[in-house]
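I have placed the structure first, in the form of structure tokens, so that the comments after it can refer back to it.
The values are calculated or read from the model by the stated rules, or taken from the named source; none is laboratory data. Predicted, not measured: the structure shown is a model, and the values here were computed from it. Note that we place each Cβ from the backbone using ideal geometry, even for glycine, and neighbour counts take in every protein chain shown.
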Amino acid sequence: MRSGELARLEMAENAILDRVQAGDLRAIAIFLKISERRSKLFGLDVSNIPLLDALQVLVNEKVLPIRLGQVILKGIAELEESLREEGVKNEEMQRKLRQFEEASESGA
């Protein structure tokens, strides 16, 4: 699904690229919208609150029991260690953690 959406974004971008390079302001605005959409598609517009900070806020506000917060932290640490052992690069680790966060947010 992402690859199809990416292909459509690239097609739209290619269609206006000459006008963007010529300085057409409307084409530049469209180009920026395409770029924003691509960033959202690949999770580049992530929240400014890292997962651990968000977890701390939930515990501090007593929304999340401390014990459950500890279990989640342990799971995150185990995931990071497992990824390191597999030789996963930092970028890949961040992608996997984002997928975990997205799944958590959607209730999966």
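Looking only at residues in region 22-36 that are farther than 19 Å from A7 by Cα and of a type in the set (D, E, K, R), which one is nearest to the chain's Cα centre (by Cα)? Only one residue tops the list, namely R26. Scan (1) at pLDDT below 80; (2) over 16 Å from L97 (Cα atoms) for the single condition L44 breaks and write down its number. Answer for L44: the failing condition is (2). In the set K74, K62, K40, only one residue is without any contact (Cβ under 8 Å) to a residue 12 or more places away in the chain, exposed (fewer than 12 other Cβ atoms within 10 Å of the Cβ), under 16 Å from R95 (Cα atoms) and among the charged types (D, E, K, R); that residue is K40.
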